[in-house]
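Here's the structure we're looking at; comments come further down.
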Number of protein chains: 2
Amino acid sequence: MATAHKASKTVNGVAVDDLFSTIDAVKATPSIAKFKFRIQNQWQTGSRNCSMVTAFTGANQELSHPKKFTLQADEPAILLGNDTAANPVEYLLHALASCLTTSMVYHASARGIQIDQVESSFEGDLDLHGFLNLDPKIRKGYQGIRVRFKIRANVPDDQLEEIVRLGTQHSPVFDSLTKGVPVSVSTESM
Amino acid sequence: MATAHKASKTVNGVAVDDLFSTIDAVKATPSIAKFKFRIQNQWQTGSRNCSMVTAFTGANQELSHPKKFTLQADEPAILLGNDTAANPVEYLLHALASCLTTSMVYHASARGIQIDQVESSFEGDLDLHGFLNLDPKIRKGYQGIRVRFKIRANVPDDQLEEIVRLGTQHSPVFDSLTKGVPVSVSTESM
């Protein structure tokens, strides 16, 4: 009955027993909850640069991804790029989308809620008057982002919003982006 | 003298004449500065989901990337994923890195500053007590992000910080992340 055994421990592809074990481990040893995530970026030319994602710190250990992830960035032609990759503000929407989705799925799984399907769309407003320094009243960043979730799950339709709220209540990227994060910058020559 | 002609118009791979034309065009027709960027995300299973980046609005037009960009997300094994892709908070660092770099390069190019090489590293602190709801005083998102730029450019070393400041002063992602963005979320069944 290996299959049934596995099914009883995995909800929505999340190993919920491992999730509860993680919670117990953090309660026993609070320092294992501290993580440091890192990337290294190299400029190529113009609007093209790429980030390498290789290692991070967590659970009091230095940890590595099994393979290095390389993330390219570019700009579309209308913004003077070569359109070889998504641009930085599109990556920001992906960070938000992926984090809201995963946070929702983990917390729903911990509550035993089965989710069948999730699709979402994200749209953000930018006004180049900010980036181009043409109007000091217009911010450089996104003026607002609209998110639309479509979900199929084993709950009544009027409870779907509560499932999505599990994402907005717990997502590290949603929290970072809506509340702001202190960023310190240092510079040296090479 | 095509090469010399081209060199006079391109600085650091940025077509600066096109950049100045863009500024003139925005001054003449302010509405072309309004952009909407979009992604669509699909949940796969557990911590795996992917975003499609296909189209955006800008310069009063619906515009498409020449090819669709697909961005995967996952979590490492220690966070109950399969480690097939960078995770959402690593994507957030990439969005910040790529935007700071491109913003710096564009604005330095407009000033005629030649940049030879740029590398940067980004590190952010997360405490899982937030995500796991174990301590209401600990935020879900990044507590802080440290950025370290290394630059080689045709300016004295003591002016390198001013070049990096062109990035922090103009970057849409830096502005979004340090000051926060309003995000509205709607939900429907499927």
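Quick check on the stretch A:20-37: of everything there that is in contact with a Leu (Cβ under 7 Å, 6 or more places away or on another chain) and part of a strand (DSSP E or B), which residue is farthest from A:Lys9 (Cα to Cα)?
A:Phe37
Considering the stretch B:76-111 alone, what residues qualify as being aliphatic (A, V, I, L, M), more than 7 Å from every other protein chain (Cβ to nearest Cβ) and surrounded by 24 or more Cβ atoms within 10 Å (Cβ to Cβ)?
The answer is B:Leu96, B:Leu100, B:Met104, B:Ala108.
When you check B:Leu71 against the structure, is it in a helix (DSSP H, G or I), farther than 24 Å from B:Ala15 by Cβ and within 9 Å of chain A (Cβ to nearest Cβ), yes or no? Show your work before the answer.
Values: in a helix (DSSP H, G or I): no; farther than 24 Å from B:Ala15 by Cβ: yes; within 9 Å of chain A (Cβ to nearest Cβ): yes.
Taking the combined requirement at face value, the residue does not satisfy it.
Cβ-Cβ distance below 9 Å, separation of 6 or more or different chains: which pairs start in the stretch B:33-44 with a residue that is more than 7 Å from chain A (Cβ to nearest Cβ) and end on one that is assigned to a strand (DSSP E or B) and not charged (D, E, K, R)?
Partner pairs satisfying both residue conditions: B:Gln44/B:Cys50; B:Gln44/B:Gln72.
Hey, any hits in the stretch B:26-35 for a residue that's surrounded by 14 or more Cβ atoms within 10 Å (Cβ to Cβ), of a type in the set (Lys, Arg) and under 24 Å from A:Phe69 (Cβ atoms)? Walk me through it before giving the result.
First, the residues of the stretch B:26-35 that are surrounded by 14 or more Cβ atoms within 10 Å (Cβ to Cβ): B:26, B:30, B:32-35.
If we keep only those that are of a type in the set (Lys, Arg) as well, we get B:34.
Next, from what is left, pick out any that are under 24 Å from A:Phe69 (Cβ atoms): none.
No, because not a single residue in the stretch B:26-35 is surrounded by 14 or more Cβ atoms within 10 Å (Cβ to Cβ), of a type in the set (Lys, Arg) and under 24 Å from A:Phe69 (Cβ atoms).
Confirm whether B:Val173 is in contact with a Pro (Cβ under 7 Å, 6 or more places away or on another chain) and either surrounded by 15 or more Cβ atoms within 10 Å (Cβ to Cβ) or within 7 Å of chain A (Cβ to nearest Cβ) (or both).
Taking the combined requirement at face value, the residue satisfies it.
Each value in this text was obtained by applying a stated rule to the coordinates, not by laboratory testing. A quick note: this is a predicted structure, and the numbers were derived from the prediction, not measured. All Cβ positions, even for glycine, are placed from backbone atoms using ideal geometry, and neighbour counts span all protein chains on display.
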